[in-house]
Amino acid sequence: MTEPGLRHRLAERWRGSTQLQDNLTAVTTFAVGVVLNLVGLTDVWHDLDVLDGHLAGPTQGWWHSVLLAVGCLAMLGKRRHPMRALGVGAGVVAADAILGGSIAIVLVLFDLLFSAGQFASARARAAVTTVVFVLIGTASVVGGLAIGEFRAAVFIGLQLTTLLFVPLWWSANLRQQRILGVLTAERTAREAVLAERAAVARDLHDVIAAHLSTTAIHSGAALARPPDAEHDRAALRAVRTSSLAALEEMRSMIFLLRADGFPAADATAPGGLDRLPELADAAEAGGLRVDLSMAAVPQVPALVGHAAYRIVREALTNAGKHAPGSQVRVEVAEAADHVTVTVTNTLIRAVDLGHPTLSSGTGLASMRERAALLGGALSAGRDGDHWRVRATLPRHPTVEVPVARPAGGLR
């Protein structure tokens, strides 16, 4: 195994094993404490003039190391039994203070207080905090009165606050940040689910609106003509084809909405550039004369292919509504960094759609938004006696976005 691979494996094991972390922390604390004892950082309370004569005289350093070992053993159970470990640590600190005190045991107390603030229950944390404040206040007052100087009381209070309260405050701050992180992650996950479902719902609206519009146009045309068995049956076939397609699209979308987890970006994209011939056949069945110009299917990401498919379908739907029976040309051209889709239809006289719901006026805005979401552009307008819709879509979208954002699918 290579050195980077071994380092990565060790790091993963370290992050995944709290017991290993606790063991290493206890061993390291003991080793550092022994070194501090050996260099003479013991009998610190005996050396303080403010407490001189009130504690036992200097003792041999090995007693401090024995108490340090007991405190480090208590550190091994700080996660499962934080209050018991803190109780043992408090006893060790008291015994060490009677023997003169040492800097090493301060490290043990700091770690056990921090662990109590991290892993103990809320009730236990409140009790520990209360005891700490009582100890700080009592020691400050008693020490100040014993020495007879207010400065001594302040000095003792500040020292004990650093030793006893700072680890509790630090652990509370980290615990609050952890809770906020969890809440933020949950909120982000919920928002992502809602956004994905909203995108699917908008896409479903576009699909159903296009098919229902086609159905309404065919049925309206059949009703407007004198009874003719052949034309009526053709209209019924077109209506049935559009209705079945709408049901198929709706069923696929419902399956996605009921699926666990997040649908993939291309899961909501049943249409792509490879399905443009199907769109052309469906449009011809609806009365349009469609000429599809596409030498080969461009290899583009699913998001781009889906957006192009939706734009072409909406353009054909609009042509079928506003220029029924017109000549339509669909062109797909590719370049090194983008794909251009153009839908051009001949203009005819204005057509009365018969009902305002058949034209909501949002189709062009919907197509422009589809293109803009991928970093592309769309233009639409009259060009002589033709109506032209041209979309330029990048092969590599500038942002990763859900496909189905625009609302509405009718011009």
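Coordinate-derived values only; no laboratory data. Computed from a prediction, not measured in an experiment: that's the story for all the values here. Glycine gets a Cβ as well: all are built from the backbone with ideal geometry, and neighbour counts include every protein chain shown.
Please give me the summed charge of the neighbours of residue 112: other residues whose Cβ is under 14 Å from its Cβ, Lys and Arg +1, Asp and Glu -1.
Taking every other residue near residue 112 into account, the sum is +2.
Taking H placed 1.01 Å from N in the peptide plane, check which residues at least 5 places from residue 338 or on another chain put their amide H under 5 Å from its amide H.
The answer is 395.
With a point put 7 Å past each Cα toward its Cβ, work out how far residue 176 is from residue 225 in nm, to one decimal.
7.5 nm
Let's test the formula: R0 of 25 Å, r as the Cβ-Cβ distance of residue 302 and residue 369. What FRET efficiency results, to the nearest 0.05?
0.85
Can you sort 342, 162 from fewest to most other Cβ atoms within 10 Å of each residue's own Cβ?
Ascending Cβ contact count within 10 Å gives the list 162, 342.
Using label points projected 7 Å from each Cα along Cα→Cβ, tell me how many nm separate residue 187 and residue 169, to one decimal.
The modelled label-to-label distance comes out at 2.7 nm.
Between region 287-305 and region 144-170, what's the alpha-carbon centroid distance in Å?
Taking the Cα centre of region 144-170 as reference, the centre of region 287-305 is 78 Å away.
With label points built 7 Å along Cα→Cβ from the Cα atoms of residue 151 and residue 135, find their separation and express it in nm.
That separation, rounded to one decimal, is 2.7 nm.
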